[in-house]
1. Rounded if a/c is under 1.5, else prolate if a/b beats b/c, else oblate: with a ≥ b ≥ c from the C-alpha gyration tensor eigenvalues square-rooted, which is the range 288-355?
2. Between residue 20 and residue 243, what is the label-point separation in nm under the 7 Å Cα-to-beta-carbon projection?
3. Could you give the length gained on full extension between residue 136 and residue 345, defined as 0.36 nm per residue of separation minus the Cα-Cα distance, in nm?
4. Quick one: grab Rg to one decimal and Dmax as a whole number for the range 109-151, Cα atoms only, in Å.
5. Could you work out the helix-only [θ] at 222 nm for the chain, with each DSSP H run of four or more residues adding -39,500 (n - 2.57) and the total divided by the number of residues, to the nearest 500 deg cm²/dmol?
6. How high is the FRET efficiency from residue 155 to residue 286, r the C-beta distance, R0 45 Å, rounded to 0.05?
7. At what distance in nm do the modelled label points of residue 51 and residue 265 sit from each other, each positioned 7 Å from its Cα along Cα→Cβ?
8. Exposure proxy check: 57, 203 ranked by fewest other beta carbons within 10 Å?
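Just so it is clear, none of the values below were taken in a lab; they were calculated from the coordinates. All figures in this text were calculated on a predicted structure; none of them were measured in a lab. Cβ: placed from backbone, ideal geometry, glycine included. Neighbour counts: every protein chain shown.
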Amino acid sequence: MRLGVVGLRQGLHLAVWCRRLGLDVVAACDRDPERRAAARAELPGVTPVEEWRELLDHRLDGVVLAGGFDGHAPQAVAFLERGVHVLSETAACVDAAEGARLVAAADASTATYSFAENYVAHPHVRLVREAADAGELGRISLVEADYLHGMAPDAVTALVRDPSHWRGRIAPTAYCTHTLSPVLALTGAWPVEVTAFPVDGADPRVAVVLVVRLSSGALAVTRHGFLQGEPDSHWSWISVRGAEALAESVRAPGERAWSVRVRTEAWASPDGRARDEERVPAPLTLDGGEVVPRGAEGTVRVLLAFRETLEHGAAPLVPVRQAVAASLVGVAGAESLARGSRPVAVPLPWARPEG
């Protein structure tokens, strides 16, 4: 399968993994000549181009969109209209109108849209989902999720106030997909309403908390941005409370951060005794026997799923509606912040399914 890649910062990392997994990256795009040069060195035989529209004229089966945070939807629509399968990173859209255009393009295309949401496929999230899918937790009532970076205050200030960096131009709620996508995957629900709060009223761009009501009736509380206590599991921590048990990633340094604690209360146990178990994820091993590093597992699983979609028509791991829904929580959250933390409906651009 012939792939193109747009954006050669994170995109080069993805392109290297694509080749290792048997996907042929034939073209790579970035406006920065140094990044194009790096792509030539890392990806022998690749055709580097400066503008993403140049890739529309290549004979591609799929494209990986990994450029600026808030510029993916128009690119995705253009490739879908050409029948090219899309794997798109970070935010799917910047508002409901853009989300509606993206959904319509995916529905009309002979190709598919996949969201490159590696946090859905990280080891600890997969373990929690296995417990939920097996019915161990009972009806889910509360989900908490963190996506946090521990950085020096001066470094944070320089980043979030730099207009040349996408972190400096997006709302502090916008980068919420690494928590909301796992929430939606674990619950099978849609976001209905969000209330956003700045963590520090004196510096509201640094970190936010989103309180999201889901269509299932459950509540999600997610934390985003720059707070001390960065989780070792790729900046991610998740907790799911059900009617019968709790499953949460372990707050510990190193390898244990990928493990999950499952707590079942005595009243819900067959033997009448409380159970508290720590589960360790099995390693991900590639065909040649290579063990994938923990922090790369989510990315590799996303790329393997995209390969299955390209080669065998498998359903996308995270399809377009889930991608748009997660992204629009950040849009509604920004409106909530602007309104002084009032609840705001999530503007899903389709009829909301039940449950």
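1. Because a/c hits 1.5 or more and a/b fails to exceed b/c, the range 288-355 counts as oblate.
2. My value for the distance between the label points is 4.4 nm.
3. Length gained between residue 136 and residue 345: 72.1 nm.
4. Looking at the range 109-151, its Cα Rg and Dmax stand at 14.6, 44 Å.
5. On the way: 10 runs with 116 residues, N = 355.
That calculation yields -10000 deg cm²/dmol at 222 nm.
6. Computed FRET efficiency for residue 155 and residue 286 comes out at 0.80.
7. Calculated label separation equals 6.2 nm.
8. Ranked by crowding around the Cβ, least crowded first: 57, 203.
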